[in-house]
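To start, the structure under review is shown below, and the notes come after it.
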Amino acid sequence: MKEELLKKLQQITEQNLLDIEAHKEKGNHAIGFYCLYAPTELAVAADAIPLPLCGTRQAPIEAAEEVLPRNLCPLIKSSYGFAATDTCPFFKFSDIIVADTTCDGKKKMFEIMNDIKPVHVLQLPQNQDTLISLPPWKAEIEKLITVLEKRTDRPITTEKIKNAISLMNRERRAKKRLMDVTKAKPSPLTGMELVEILFKTGFFADKEKGIDLMNEISDLCHKLIEGRESPYTDKTPRILMTGVPVGLGSDKVVKVIEQCGANVVAFENCSGYKQTFQVDETKDPIMALAEQYLSIPCSVMSPNQGRMDMLKEMITEFSVDGVVDLTWQACHTYNIESFHVSKLVQDTFGLPFLHLETDYSESDTEQLRVRIQAFLEMI
Amino acid sequence: MISAGIDIGSRSIEIAVLENGTILETRKSDTGFDPIGQAGKLLHDLKFDSIMATGYGRTLFEIEQDAPTVTEIKAHARGALYFFPEARTVLDIGGQDSKVISMDPSGKVSRFEMNDRCAAGTGKFLEIMATALGFSIDTLGDEAMEAEKDLIINSMCTVFAESEVTSLMARGENPREIAKGLHMAVVKRAASMLRRVSAEGPVVFTGGVANNPCIARLLAREIKREIWIPDNPEMNGAVGAALIAAENCTFH
């Protein structure tokens, strides 16, 4: 049953490139996004497909290092490398790139990427104080509307934004419902399956198809939970992963944790639970978007209390036995913030904590395995 | 019952055989390029009821000999408790890695930190520096203790430190003082790892580098904590593994 659904996911993924092509042939557009902070609703409101472009694979990094410094975060190098080598179909499809001034590495990389394809960069405030940071952020979103209207030649009306918010809220609810199935003990899904589903559904041209598929998987998982069918037992250690995003190709830590006999049940990161918010549908849509997106708790924000609040909620709700905090090499903000996360996990919850710093390559797999095994011995 | 522990490290292999908490025998050899072959030679004619492997070669051993394994973190914590029942903190500096382990009052590992990315601050680092200075590794620590003034070595990377040592020698600095500076560099690195992982109390110092008297003395001065060193500090991991092997058998 589960295998059939994963097969269906693979079929839609293969069909997806053709779907995007067909959509574009009708005179529509595709818009590339790099971070969670830019509201994809605005692309949808311009009849365009929003495509997440964040690089998760090792392959293009070597090419990126011809331009970018070696000691830079692999996510930034991979993202740039895909663009420079023209090996990502989604980058190719994108008519314009929407990016944000999140971390230093990314914002400077986008300046160089602009030579390959036009990149519109949103100036993201570095704190979430609504009095100080919300007005300029709202102005950035209003400017983005103008940019997208011009590029797509479609008017982005209030009505269309409202409809887009409603659609994307439904998608995020389906995603949250899917991610919440692993609250069951034991969980019906492996962490690797969850990574694969979240990663692949992210590119779907047809949002409705994605929502239906996620709901179908959730329904099946609830049946599995009722029948107590799981690859795990009640004794399998349940791990929460926090920190940097993880996708197919940058999933080695999830793989090693699960090879060592534990189950990654939750992802507190921007490829996971940070995507589960809802935009207020009762407010002025532009204000609602500005407020909700500004409150995303990435470590680029200072302070970043929202992440601690999300962790507290998730540690309890997913009944986790330990927390692994993942930092991509040279990601200063997540690396430093690990200090506060370790205090929260160890002192407030009394749970084993492991901070790992690594990149996309396989060179340190055995060193990671020792740390992960020793961490699991602590549970 | 008789249990054995084998610690297959990057530089050396140690075996300890225990019966009811008493060490019957220990053996040691270089790892070389064929860890499993070396382990087999060491194990030849040894008699035991159960064996547990640890160290970086443990997985290979598990496949070859169908033996259970434990991480070196847990093995070192258990070994330290055997030699010093009051121990709560372990610093292990081996051939090519270093680690600090903190235990809760029941002896369970509560946190740890490990450096195994490069040879910085390990036995291999001291070995290469001894060669560069023309000392034997066995007397390097004694030579360093003869130094009359303090020299600061800034590079921790083995490759960079070697060039720093070369330029210090070219400047006419005394090799003993350079040696002391190198020891201090290792100590500073270990001390900051210690402070991050464990705040207070005596430190059990294990691994081959614990045999170096200069490191132990400088470390005690740097962190202002008692340093406890078992008789054969490099045997700690193997003893810990043997104890865990015995405990697992009783448990099952």
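With respect to the conditions (1) out of contact with any Lys or Arg (no Cβ under 6 Å at 6 or more places or on another chain); (2) under 16 Å from B:Arg196 (Cβ atoms); (3) open to solvent by less than 50 Å² (accessible area, probe 1.4 Å), B:Arg88 lacks only one, and its number is (3). Considered as a group, the residues in segment B:152-191 that are polar (S, T, N, Q) and surrounded by 15 or more Cβ atoms within 10 Å (Cβ to Cβ) include one that is nearest to B:Gly134 (Cα to Cα), and that residue is B:Asn174. For B:Lys99, the criteria (1) open to solvent by 60 Å² or more (accessible area, probe 1.4 Å); (2) assigned to a strand (DSSP E or B); (3) of a type in the set (Lys, Arg) hold in every case but one, which is (1). Selection of segment A:357-379 for residues being within 11 Å of another protein chain (Cβ to nearest Cβ) and not in a helix (DSSP H, G or I) yields A:Glu357, A:Thr358, A:Ser363, A:Asp364, A:Met378, A:Ile379.
Only one of the numbered conditions (1) surrounded by 23 or more Cβ atoms within 10 Å (Cβ to Cβ); (2) in contact (Cβ under 8 Å) with a residue 60 or more places away in the chain is not met by B:Arg58, and that is (2). Residues that are more than 13 Å from the chain's Cα centre (by Cα), among the β-branched types (Val, Ile, Thr) and either at pLDDT below 95 or not in a helix (DSSP H, G or I) (or both) within segment B:227-252 comprise B:Ile227, B:Thr250, listed in sequence order. Within the set of pairs 6+ apart or on separate chains, which have a first residue in segment A:153-173 that is surrounded by fewer than 17 Cβ atoms within 10 Å (Cβ to Cβ), a second that is among the polar types (S, T, N, Q) and part of a helix (DSSP H, G or I), and C-beta atoms under 7 Å apart? Between residues of segment A:153-173 that are surrounded by fewer than 17 Cβ atoms within 10 Å (Cβ to Cβ) and residues that are among the polar types (S, T, N, Q) and part of a helix (DSSP H, G or I), the close pairs are A:Arg172/A:Gln275. Just one residue in the set B:Thr31, B:Thr54, B:Thr26 is within 12 Å of another protein chain (Cβ to nearest Cβ) and of a type in the set (Ser, Thr, Tyr); that residue is B:Thr54. Which pairs do you get when a residue that is at the interface with chain A (Cβ under 9 Å from one of its Cβ atoms) and within 21 Å of B:Ile13 (Cα to Cα), found in segment B:93-115, comes within reach of a residue that is of a type in the set (Lys, Arg) and surrounded by fewer than 19 Cβ atoms within 10 Å (Cβ to Cβ), reach meaning Cβ atoms under 9 angstrom, with the pair 6+ apart or on two chains? If the second residue must be of a type in the set (Lys, Arg) and surrounded by fewer than 19 Cβ atoms within 10 Å (Cβ to Cβ), the pairs left are B:Asp97/B:Arg117.
The values are calculated or read from the model by the stated rules, or taken from the named source; none is laboratory data. The shown structure was predicted, so the numbers you read here are calculated from the model rather than taken from an experiment. Ideal geometry is used to build each Cβ from the backbone, glycine not excepted, and the neighbour counts take in all protein chains shown. For the accessible areas, the whole protein counts, side chains as well, though only heavy atoms, and no ligand, DNA or RNA atoms are used. Shrake-Rupley method; radii C 1.70, N 1.55, O 1.52, S 1.80 Å.
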